[in-house]
């Protein structure tokens, strides 16, 4: 079970980093078989006009939303793992340290939620 939780968290982190990654820019010369020149760079600059900017904004918005979903699901998985660890430790100590474990679990849960909201605010909510 622990291996599955670690694997899912790793998968969520990988998904988040792939959503944040910037797409590589390929020069126009590689697509058409021509050598890059000043004329090709001018054409690329002109192509990124109003339509290109709108497309870039749309891609950035989609990338930010995917990153936001990855943050939310990673936070939920971390909270689920925290509750699993709390229950295992409470059962292992037979309730002797229940108060301390509840305090620690509440503190860690708030820390997880706070970190998720921080990154969510930084990445998703700050974009137009």
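No lab work stands behind these numbers, since they all come straight from the coordinates. Note that the structure is predicted; figures quoted are calculated from it, not measured. We place every Cβ from the backbone using ideal geometry, glycine too, and count neighbours over all the protein chains shown.
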Values of log10 I(q)/I(0), in the order q = 0.19 Å⁻¹, for the range 49-112 under a Debye, Cα-only, solvent-free model: -0.75
Each label point is 7 Å from the Cα along the Cα-to-Cβ direction; what then is the distance between the points at residue 108 and residue 94, in nm? 2.3
